[in-house]
Amino acid sequence: MKNIDIGKILSDGAEYLGKTVEVAGWVRTSRVSKNMAFIALNDGTSLKHVQIVIDRTTFDGDISDFTKNGASLWVIGKVVPAMKEGDFEINAQSITLLGDCPQDYPLQKKYHSMEFLRTIPALRPRTNTFNAMLRVRSKLSFAIHRFFQENGFTYVHTPIITGSDCEGAGEIFRVTTQGYADAMRAKDEAEFVGGDFFGRKAGLTVSGQLEGEVAAMAMGKIYTFGPTFRAENSNTPRHAAEFWQVEPEVAFAKLPDIIEIAQSMIKYIIKAVLDECPAELEFFEKAFEPGLIDKLKNVVESDFVILEYSDAIDLLKKSGVAFQYPVEWGLDLQSEHERYITEQIFNKPVFVINYPKKIKSFYMKQNDDGKTVAATDLLVPGVGEIIGCSEREADFDKLISAMRERGMKLDDYRDYLALRKYGSVPHSGFGLGLERIMMYITGIQNIRDVQLYARTAGDLM
Ligand code: 4AD
Ligand code: MG
């Protein structure tokens, strides 16, 4: 078929004016009167539909199948100016029904809740919301690659199956070829694991960081961008079992350097979406978050706040707000605290720096105060944490002692530890949750709605 993208006809219509073109797509809505019929056709190449106009006084044949929502059509027709100045539509000369769509098609012309759409994962991409979401996600991903490529980073593919637990939270999905019967037969865990595919415990990666560090200790500046997995049993609008992370790792960078990189990256990718997806952002502003576009423009134009963890605790204590979870130096910030800081106090992105070492991961650089680590989380209004970041502990002995304190099996991290023995250098990195920043950019409030398929506890869609 020689169909032209509907998005191209709508944006470069002048080029096609008066010409006969072929388009193909799915019917979004239609309107039929005695002499005319109008079909809004969408092929996914733009948020806007193209209007197919049928002059029933001259059009041959029955058109009733063409006007059903969800039907797929192949249309040959002439591009003409539409009523609205600058818009284009197509006067149909011939229409072929590619796929009929019965009346029980779930997407009728009415409001559908996001919860309902989750029950029809195969069809929800045909809504405006998912059309816009998927395009923004695509443009955003490409902008992420562009940012790193333009700044001399090497893209590395870290393994999905690993034997380590980067975040040490025990939220790993096990990878095994063994079943219940093997488990029953084995006399203990060692025998069970020994008989498994890899001969040792394996799981889906929670983060590409540890392997990313290996690459950075040779390539200097690297990033990974791929799926990560967490068997977190928390049923929140912000946690998914499968989500994408962008993880740069930079040799010779200290915490302030990596913060600088994180801030430039966030500004760069948000600016890219503002430039490349204006129609989608207008849609999200109307449907999900009033003021969205100004919010994003502000992020691009102003610097983020940098706030000491200790000062964050003081601010929360002084706030007089009755939080559900306690606020105390040494305790982790809960979502309600993060949101209060970024929404109520600053109303912009905030890097909280120097967290207590007890609540953070083993690999973070221990500060001289003996109590904190050179780590930061980037918090944004409406979502909370979107980035987890730190300088890494480059000192062999300090790293070993942090791992021992956590009862980690050093043998599982031999490769990683070797990096601290052979030419260790200061280095830093971060992980940006792609779905979290998608929520921030679109105003969509549930992580299940910024993925094509969502994987969450108890639900494989
Ligand atoms: O803060 P996290 O756990 O940090 C790491 O994994 C580091 N190893 C990253 C690094 O330094 N290379 O996760 C990083 C980010 C979070 O800030 C959040 O945006 C996202 O990943 N994230 C999740 N997104 C969706 N669902 C979940 N269950 C997530 N867990 C983390
Ligand atoms: Mg984190």
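Key figures for this structure:
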| read-out | value |
| --- | --- |
| Meets criteria (within 16 Å of ligand 2 (Cβ to nearest atom), surrounded by fewer than 21 Cβ atoms within 10 Å (Cβ to Cβ) and of a type outside the set (G, A, S)) for E435 | no |
| Test for I313: is it of a type in the set (A, V, I, L, M) and within 26 Å of the chain's Cα centre (by Cα) | no |
| Close pairs from region 385-400: first at negative phi, partner more than 10 Å from ligand 2 (Cβ to nearest atom) and acidic (D, E), Cβ under 7 Å, at least 6 apart | E385/E338; R392/E213; L399/E393 |
| Test set (1) without any contact (Cβ under 8 Å) to a residue 40 or more places away in the chain; (2) under 19 Å from the mean Cα position of the chain (by Cα) - A272 fails condition number | (1) |
| Complete set of residues in region 1-35 that are among the hydrophobic types (A, V, I, L, M, F, W, C) and at pLDDT below 95 | M1, A14 |
| Residue count for region 399-414, restricted to those that are exposed (fewer than 13 other Cβ atoms within 10 Å of the Cβ) and either touching a Ser or Thr at 6+ places or on another chain (Cβ under 8 Å) or not aliphatic (A, V, I, L, M) (or both) | 7 |
| Residue in region 419-427 that is among the charged types (D, E, K, R), within 13 Å of ligand 1 (Cβ to nearest atom) and either surrounded by fewer than 21 Cβ atoms within 10 Å (Cβ to Cβ) or under 23 Å from the mean Cα position of the chain (by Cα) (or both) present | no |
| Some residue of region 89-99 being part of a loop (DSSP other than H, G, I, E, B) and touching a Ser or Thr at 6+ places or on another chain (Cβ under 9 Å) | no |
| Residues satisfying the stated conditions in region 384-398, i.e. surrounded by fewer than 16 Cβ atoms within 10 Å (Cβ to Cβ) and touching a strand residue (DSSP E or B) at 6+ places or on another chain (Cβ under 6 Å) | K398 |
| Residue within region 389-401 that is aromatic (F, W, Y) and within 12 Å of ligand 1 (Cβ to nearest atom) present | no |
| Residue identified as crowded, with 18+ Cβ neighbours inside 10 Å, on the phi < 0 side of the Ramachandran plot and of a type outside the set (A, V, I, L, M) among E89, E85 | E89 |
| Candidates L378, L399, L432 - the one that is outside any loop (DSSP other than H, G, I, E, B) and more than 27 Å from A143 (Cβ to Cβ) | L399 |
| Matching entry among S138, S94 (being within 30 Å of E211 (Cα to Cα) and small (G, A, S)) | S138 |
| Region 50-64: number of residues that are crowded, with 20+ Cβ neighbours inside 10 Å and either farther than 14 Å from V79 by Cα or touching a Lys or Arg at 6+ places or on another chain (Cβ under 6 Å) (or both) | 0 |
| Failed item in (1) modelled with pLDDT of 95 or more; (2) within 16 Å of ligand 1 (Cβ to nearest atom), with E301 passing the rest | (2) |
| Inter-residue pairs, beta-carbon under 6 Å, first over 11 Å from D395 (Cα atoms) and of a type in the set (A, V, I, L, M, F, W, C) and in region 422-436, second within 11 Å of ligand 2 (Cβ to nearest atom) and not in a loop (DSSP other than H, G, I, E, B), 6+ apart | F430/I387; F430/C389; L432/I387 |
| Selection within region 115-167 - surrounded by 15 or more Cβ atoms within 10 Å (Cβ to Cβ) and basic (K, R) | R118, R124, R126, R135, R137, K139 |
| Residue match in region 361-379 (condition: acidic (D, E), surrounded by fewer than 24 Cβ atoms within 10 Å (Cβ to Cβ) and within 13 Å of ligand 1 (Cβ to nearest atom)) | yes |
| Those residues of region 158-194 which are touching a residue at least 40 places away in the same chain (Cβ under 8 Å) and not small (G, A, S), in sequence order | T158, P159, I160, I161, T162, D165, C166, E167, E171, I172, F173 |
| In region 168-181, residue nearest to the chain's Cα centre (by Cα) [restricted to those that are surrounded by fewer than 14 Cβ atoms within 10 Å (Cβ to Cβ) and among the aliphatic types (A, V, I, L, M)] | A169 |
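Rundown of residues vs (1) crowded, with 18+ Cβ neighbours inside 10 Å; (2) of a type in the set (S, T, N, Q); (3) assigned to a strand (DSSP E or B), yes/no style:
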site: N3; (1), (2), (3): no, yes, no
site: L10; (1), (2), (3): yes, no, no
site: G18; (1), (2), (3): no, no, no
site: E22; (1), (2), (3): no, no, yes
site: T29; (1), (2), (3): no, yes, yes
site: K34; (1), (2), (3): no, no, no
site: I39; (1), (2), (3): yes, no, yes
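The values are calculated or read from the model by the stated rules, or taken from the named source; none is laboratory data. What you see is a predicted model; the values in this text were computed from it and never measured. Quick reminder, even Gly has a Cβ in these numbers, built from the backbone with ideal geometry, and neighbours come from all protein chains shown.
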